[in-house]
Amino acid sequence: MTVLDHDVVADQLKNAPTKNEKVLSFVSRIATLTTPDEIVWIDGSEGQRDLITQQLVDAGTLVRLTGTKDSYYAASDPEDVARVEDRTYICSVDEKDAGALNNWVAPAEMKETLNGLFDGSMRGRTMYVIPFVMGLAEADQPMFGIEVTDSPYVVLSMLIMARSGKYALDAIDAQDADFVECVHSVGAPLAEGEADVAWPNNSTKYITHFPEERSIWSFGSGYGGNALLGKKCYALRIASAIAHDEGWLAEHMLILKLTNPEGQVKYIAAAFPSACGKTNLAMIEPTIPGWKAETLGDDIAWMRFGEDGQLYAVNPEFGLFGVAPGTGYSTNPTAMHAIEAGGNIFTNVALTDDGDVWWEGKTDEKPAHLTDWRGNDWTPDSETPAAHPNSRFCTPIANVPTLAPEWQNPNGVPISAILFGGRRKTTMPLVTETRDWNHGVFMGSVLSSETTAAATGAVGVVRRDPMAMRPFIGYNVGDYLQHWLNIGQTEGAKLPKIFYVNWFRRDDDNSFLWPGFSENSRVLKWVFERVAGTADAVESPLGFTPAEGALDTEGLDFTAEQLRKALAIKPEEWEAELASIEEWYAELGDSVPAELRAEVDSLRERLGLA
Ligand code: GTP
Ligand code: MN
Ligand code: MN
């Protein structure tokens, strides 16, 4: 008899490293429901990590690499490779609080479904208890969570991505703190004597959030954003709902520190949709002499007002979970150096014959032979990519050589500028400074990115992605936009300036108009100097655009004509854009704040299209 009954649960909990009633009752409740064979408390020690790692190597889930220090390779089930937005739910009490962009099911109904799915779901497995804190336990407002999971792969990944283990549990106990309940099961119970597979999961998947209860239940997937519940589920969906209630912001943003040649420092945050360059910009190596950039975060920023009225940003994460393909020595050498430092888990990349990993874009030259992410032989002649397009590297952020020392500031750094941007072939200029906070919020609310490559000459399929948060707003998008406007009304606020950027605009011959990557430091310089009040701008219908000579192109093989094209605001493009913006607002319906609708009208007037 391996199934836990109540007495067995009580017995297992006798050895728990805490006497905290809230913690014990949560763990006991989930163990009673899911009936694991055993309960293991994650303390974050090296010994425990090594033990779990060895178990996963023995089980065939992980391959120990010889080519990169202390690093492992995992291949998922080919059906379990990405976030599942259509299986993601915001179960608010009121349907209208989930809003136009979320799937909704009433909490009681979803609980019934989940109770059925989780009933006995950990049978034959170990249940791990992972106490964690997003950000630092020493923050003014520390944000704790406890994830229970039956996936040891999730345990090892959480140890990289969030400050986890004894440090977090001790702080929860010492502060008698609340924590977000995070419940995860791969949904693959094992019968007595049944052999396990390398990547257990279930074809039924549910990623569910209860914003009022501040709890997360995830079933059926072992993959990244579905299973590492501290990241998208907590730090964005649940945290955005908390932030709405408490007057702060939880955003899909990188955080960057910039120092000019005079030694002045400014911090900026930037929101770009997935695969639009956050991790790249967060690790930029400036090409302008004397300028320095340092990394603070590459995916999530929590911003709260400090006593001085400035917004202070914290990166709640402890690691990087970056898209591997396209990350290479020529595009993001900083990320490559971080990876070289070791301690990585790679998922769904390709294996080299000498015990290392490879993905498209890692090196310019393709290896002659690989084992692809599906386990098949691969050569440069193969028709499918060696690494899955969403394959990832999971790497401790402490490895990043450009990491700014402020990453350990419990309450973050003051933000001077916020950048919004997406992938647009046309219409959106390289950089524009918005007129004021509301206008900046408007530009964020219509943030857009092309999802598919267009036929020659035609415009790509544009998806609106407000503040790059479309899949991550844990409540009603209209309330979210209103919340951004309200932040601007906060008494005594010293607000950051808001800019809109587009590295992806194309020339008539379809080539990129702007060299991008490390040359984006030139745009950052202008942003820095606008904030400092030292760079010139001219007014445009979209706000302010760099005056002639204000954007530093020295040493760059770039003509004045190219720059003019990159910065251009073309009325014919904007006529179509305004129609598309109005369609988007119509899709969101009544929830769009009147102030933002008014911004559409004034933009139309400024463009002379009224
Ligand atoms: P998530 O981690 O999924 O949220 O995405 P991310 O925003 O971190 O995206 P990432 O930095 O991984 O985006 C990489 C993609 O953007 C690659 O295809 C890069 O080639 C491309 N990219 C990044 N910066 C630039 C740039 O300045 N110019 C151009 N043309 N492409 C860029
Ligand atoms: Mn992201
Ligand atoms: Mn990223």
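At THR66 and LYS494, where each label point lies 7 Å from the Cα along Cα→Cβ, what is the point-to-point distance in nanometres?
Simple spin-label model gives 5.7 nm for this pair.
Could you rank the peptides 558-565, 393-400 by their average count of other C-beta atoms within 10 Å per residue, with the highest value first? Intermediate results must be reported in sequence, preceding the final value.
Working: 558-565: 13.4, 393-400: 21.1.
Result, highest mean first: 393-400, 558-565.
Round to the nearest 0.05 the FRET efficiency obtained for THR534 and ALA398 when R0 = 35 Å and r is the Cβ-Cβ distance. Mind showing how you got there, number by number?
Working: r = 35 Å, r/R0 = 0.99.
Step by step, r from the Cβ atoms, then E = 0.50.
I want the local charge near ILE172. Using Cβ-Cβ distances under 10 Å, sum +1 for each Lys or Arg and -1 for each Asp or Glu among the other residues. Please report the intermediate quantities before stating the final value.
Values: positive: LYS22; negative: ASP170, ASP173, ASP176, ASP178.
So the surrounding residues net to -3.
Using per-residue counts of other Cβ atoms within 10 Å, averaged over each peptide, order 207-219, 511-523 from highest down. It would help to have the intermediate numbers written out before the result.
Values: 207-219: 22.7, 511-523: 19.1.
Going from most to least packed, we get 207-219, 511-523.
Note down the nm distance, to one decimal, between modelled labels 7 Å out along Cα→Cβ at THR559 and at PHE512.
Placing both labels 7 Å along Cα→Cβ, they lie 2.0 nm apart.
Please list log₁₀ I(q)/I(0) at q = 0.07, 0.08 Å⁻¹ for the chain, using the Debye equation with identical point scatterers on the alpha-carbon positions.
Debye output, listed in q order: -0.43, -0.57.
Would you please put 473-480, 571-578 in order of how densely packed they are, using the mean number of other Cβ atoms within 10 angstrom per residue and starting with the highest? Walk me through the intermediate numbers first.
On the way: 473-480: 23.6, 571-578: 15.2.
Highest-to-lowest ranking by the protection proxy: 473-480, 571-578.
Using a Förster distance of 56 angstrom, determine the FRET efficiency expected from the C-beta separation of GLU548 and LYS111, and round it to 0.05.
On the way: r = 62 Å, r/R0 = 1.10.
It comes out at approximately 0.35.
Hey, what number do you get for the chain at 222 nm if only DSSP H runs of n ≥ 4 count, each worth -39500 (n - 2.57), divided across all residues, to the nearest 500?
Values: 16 runs with 164 residues, N = 610.
Value at 222 nm, helices only, nearest 500: -8000 deg cm²/dmol.
Taking Rh as the Kirkwood radius computed over C-alpha pairs, what is the Stokes-Einstein D of region 318-397 at 4 °C in a medium of viscosity 1.567 mPa s, expressed in µm² per second? Mind dumping the intermediate values first?
Details: Rh = 12.6 Å.
Once the numbers are plugged in, D ends up at 103 µm²/s.
In sequence order, what are the phi-derived ³J(HN,Hα) couplings for region 136-146 according to the Karplus relation 6.51 cos²θ - 1.76 cosθ + 1.60 with θ = phi - 60°, rounded to whole Hz, with x for glycine and proline?
Whole-Hz 3J(HN,Hα) from phi for region 136-146: 9, 5, 8, 5, 4, 10, x, 10, 9, x, 10.
Counting other beta carbons within 10 Å of each residue's own, what order do GLU95, GLU605 fall into, fewest first?
GLU605, GLU95
Could you give the length gained on full extension between ASP245 and ASP119, defined as 0.36 nm per residue of separation minus the Cα-Cα distance, in nm?
Between ASP245 and ASP119, full extension yields an extra 42.1 nm.
Hand me the chymotrypsin sites (Phe, Trp or Tyr not before Pro) from region 314-377 located in a DSSP loop with no more than 14 other Cβ atoms within 10 Å, in residue order please.
On the way: sites: PHE318, PHE321, TYR329, PHE346, TRP358, TRP359, TRP373; in loops: PHE318, TYR329, TRP359, TRP373.
Filter output for region 314-377: TYR329.
Using a cut-off of 13 Å between beta-carbons, work out the net charge of the residues near THR295 (Lys and Arg +1, Asp and Glu -1, THR295 not included). Let's see the in-between values first.
Working: positive: LYS257, LYS278, LYS292; negative: GLU285, GLU294, ASP298, ASP299, GLU317, GLU406.
Local net charge: -3.
HN-Hα J couplings of region 96-112 from phi, Karplus 6.51/-1.76/1.60, θ = phi - 60°, integer Hz, Gly and Pro as x?
Residue by residue, region 96-112 yields 5, 6, 7, x, 6, 9, 10, 6, 10, 9, 4, x, 5, 5, 5, 4, 5 Hz.
Too long at a 18 Å Cα-Cα cut-off: which of LYS292/LYS425; LYS205/LYS232; LYS69/LYS166; LYS266/LYS497; LYS69/LYS292; LYS22/LYS231? Please report the intermediate quantities before stating the final value.
Working: LYS292/LYS425 29 Å; LYS205/LYS232 16 Å; LYS69/LYS166 25 Å; LYS266/LYS497 12 Å; LYS69/LYS292 29 Å; LYS22/LYS231 23 Å.
LYS292/LYS425; LYS69/LYS166; LYS69/LYS292; LYS22/LYS231, as the Cα separations exceed 18 Å there.
Cut-off is 10 Å between beta-carbons; in what order do CYS276, CYS91, CYS233 appear when sorted fewest neighbours first?
On the way: CYS276 23, CYS91 26, CYS233 30.
Ranking CYS276, CYS91, CYS233 by Cβ neighbours within 10 Å, fewest first, gives CYS276, CYS91, CYS233.
Given the Cα-Cα distance of ASP58 and ALA198 and 0.36 nm per residue of separation, how much length would full extension add, in nm? Provide the component values of the computation, followed by the final result.
Numbers: separation 140, 0.36 × 140 = 50.40 nm, distance 0.99 nm.
Extending this stretch completely gives an extra 49.4 nm.
Please give the contour-minus-distance gain from ASP377 to SER602: 0.36 nm per residue of separation, less the Cα-Cα distance, rounded to one decimal in nm.
75.2 nm is the gain from fully extending ASP377 to SER602.
Could you tell me the distance between the Cα centroids of region 233-308 and region 133-191, to the nearest Å?
23 Å
Using R₀ = 56 Å, calculate the FRET efficiency as 1/(1 + (r/R₀)^6) where r is the Cβ-Cβ separation of GLU21 and ASP86; round to 0.05. If you can, show how the numbers build up before the last one.
On the way: r = 38 Å, r/R0 = 0.68.
The calculated FRET efficiency here is 0.90.
Can you find, among ASN344, TRP359, GLY328, the residue farthest towards the positive end of the dipole of region 318-397? Put +1 on the C-beta of Lys and Arg, -1 on that of Asp and Glu.
Comparing the listed Cα positions along the dipole, ASN344 ranks first.
Read the figures in this text as sums done on the coordinates, not as results from a lab. Bear in mind the structure is a predicted one, so any value in this text is a computation, not a measurement. Ideal geometry is used to build each Cβ from the backbone, glycine not excepted, and the neighbour counts take in all protein chains shown.
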